[in-house]
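Read through the structure below, which is laid out as C-alpha cells, and then see the notes.
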Amino acid sequence: MSTRPTAPTSGRGLRPLPAGPRGILIDCGTTALARACYRSLQARRMSGLLEAADLVPGATTVLVDGIDEPELLAAELPGWPLTEEPESAGEAVEIPVCYDGRDLEAVAKMWGVSPEAVADIHSGIEFEAAFCGFSPGFAYLEGLPEEYQVPRRETPRTSVPAGSVAIAGPYTGVYPRSSPGGWQLIATMTNPGRLWNEHREPAALLVPGTKVRFAAVRV
C-alpha cells in the first residue's frame, strides 16, 4: 500500500523546547508533522549530518537527545523542508502472533463475535505506527475501526508479559518487555525481541509511518 506524495512544507511551525543540557523537545503541533519531523531527523542522522544519541517520536513531539549544540539545531529547524507523508510506505512489517490473550474472550464478547473471529478480524487489518512511547520499542498502531474499539481494563495489571498484543480505544500495541498495563490482551507475539534492538538503526522496529500486519500462527 502506498500513499501519494505531498509537497514539502516548511518547518516554521516546529517549536523547539529545552530538554536537558544536550537535548531539545520539538513541539510539532500535529501527528503528521511529528512524523515528518522524525523522518527528516532520522535521514540526517543516517547520513551523518546529525549526531544525536537518541530520537524519540511522540504523538505530536520529537525528542532529540545527546547533541552537542541543541541551540544550533533549534535555530535551523524553521528552514527545514518537511514532507507530511512519504512517497511510499513500503511493504508492511508482518508480526506473527498467537491469539491466546487473557482478554480474548472478553473482547470477543464486546465485539459480539467468537474468539476465532477476533483473530480473523484483527489480522485482516493493516495498521500504521502513529507514534512511539510508554517504553522503548512500543508503538501506538492506528487502524482499528471504531466498531472494534474497546475501553481499557478497569483495573490495570501490575505485570503484562513481553510480546503481549493489546488493544484499547483506537490503538493496538505490542509490549516489548514485561511492564504494567491496562489494555485488553488478545494475542502474543512469537518473537518480541524484534521490537527493540539498540544495536540496530533505528533501534525500534516500528517507527512512525510503518505499516503493520499481524499474522495468526499456531504454537
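The values are calculated or read from the model by the stated rules, or taken from the named source; none is laboratory data. Fair warning: this is a prediction, and the values are worked out from it, not measured in the lab. Methodologically, a virtual Cβ is constructed for each residue, glycine included, from the backbone with ideal geometry; neighbour enumeration extends over all protein chains shown. Note: areas computed on protein heavy atoms with side chains; ligands, DNA, RNA excluded. Shrake-Rupley method; radii C 1.70, N 1.55, O 1.52, S 1.80 Å.
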Residue separation times 0.36 nm, minus the C-alpha to C-alpha distance between Thr155 and Asn191: what's the value?
-> 10.2 nm
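How large is the charge dipole for the chain, taken about the Cα centre, if only the Cβ atoms of Lys, Arg (+1) and Asp, Glu (-1) carry charge, to the nearest 20 debye? Intermediate values should be presented prior to the final figure.
Details: 19 positive and 26 negative charges, 55 e Å.
It comes to approximately 260 debye.
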Equivalent ellipsoid semi-axes - Cα gyration tensor, the chain, angstrom = 34, 18, 15
Count the DSSP beta bridges whose two residues both fall in the chain, then state the antiparallel fraction as a percent rounded to the nearest 5.
-> 90 percent
Any idea of the accessible area per residue across the chain, 1.4 Å probe, to the nearest Å²?
-> 50 Å²
Along the positive direction of the dipole of the chain (beta-carbon charges: Lys, Arg +1; Asp, Glu -1; about the Cα centre), which of Gly66, Gly182, Phe127 reaches farthest?
-> Gly182
Report, in whole Å, the centroid distance computed from the Cα atoms of the range 128-162 and the range 169-219.
-> 10 Å
³J(HN,Hα) computed for each position of the range 126-131 - Karplus, 6.51 cos²θ - 1.76 cosθ + 1.60, integer Hz, glycine/proline x = 8, 9, 9, 5, 7, 6
Grab the other residues whose beta carbon is less than 12 angstrom from that of Phe127, score K and R as +1, D and E as -1, and report the net.
-> -2
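Let me make sure I get this right: for the range 105-156, a, b and c are the square roots of the gyration tensor eigenvalues over alpha carbons, sorted descending. Under 1.5 in a/c it's rounded, otherwise prolate if a/b > b/c, else oblate. Which is it?
Oblate.
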Helix 31-47 sits at what angle to the longest principal axis of the chain, using alpha carbons and giving 0 to 90 degrees rounded to 10?
-> 60 degrees
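Computing the accessible area with a 1.4 Å probe over protein heavy atoms, can you report the carbon and sulfur percentage for the chain?
The computed percentage sits at 52.
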For Ile95, distant residues with modelled amide H under 5 Å away = Arg213, Phe214, Ala215
Identify, among Pro170, Ala139, Pro156, the residue whose Cα sits farthest towards the positive end of the charge dipole of the range 104-219, taking +1 on the Cβ of Lys and Arg and -1 on the Cβ of Asp and Glu, with the dipole about the Cα centre.
-> Pro156
Near the amide H of Thr61, under 5 Å away, which other amide H atoms are found, from residues 5 or more places off or on another chain, if H is placed in the peptide plane?
-> Cys28
Using θ = phi - 60° and the Karplus curve 6.51 cos²θ - 1.76 cosθ + 1.60, what whole-Hz ³J(HN,Hα) does each residue of the range 113-120 get, with Gly and Pro shown as x?
-> 9, 7, x, 5, 5, 4, 4, 5
Of Ala117, Pro81, Gly48, which is farthest along the charge dipole of the range 34-126 in the positive direction, counting Lys and Arg as +1 and Asp and Glu as -1 at C-beta?
-> Ala117
What percent does the relative contact order of the chain come to when contacts are Cα pairs within less than 8 Å and at least six residues apart?
-> 22 percent
Whole-Hz couplings from phi, Karplus 6.51/-1.76/1.60, listed for the range 195-211; x for Gly and Pro | 5, 9, 9, 5, 8, 9, 10, x, 5, 7, 5, 10, 8, x, x, 5, 7
State to the nearest 20 debye the size of the charge dipole of the range 111-157 about its Cα centre, where the only charges are +1 on K and R beta carbons and -1 on D and E beta carbons.
-> 360 debye
Checked the range 133-189 with the C-alpha gyration tensor, a ≥ b ≥ c its square-rooted eigenvalues, rounded below a/c of 1.5, otherwise prolate if a/b is larger than b/c and oblate if not; verdict oblate
Length-normalised contact order for the range 20-135 - Cα pairs under 8 Å, 6+ apart - percent = 28 percent
Placed amide H near Arg152: partners under 5 Å, 5+ positions off or other chain = Gly169
Burial-style ranking of 98-105, 193-200, average other-beta-carbon count within 10 Å with highest first, yields 98-105, 193-200
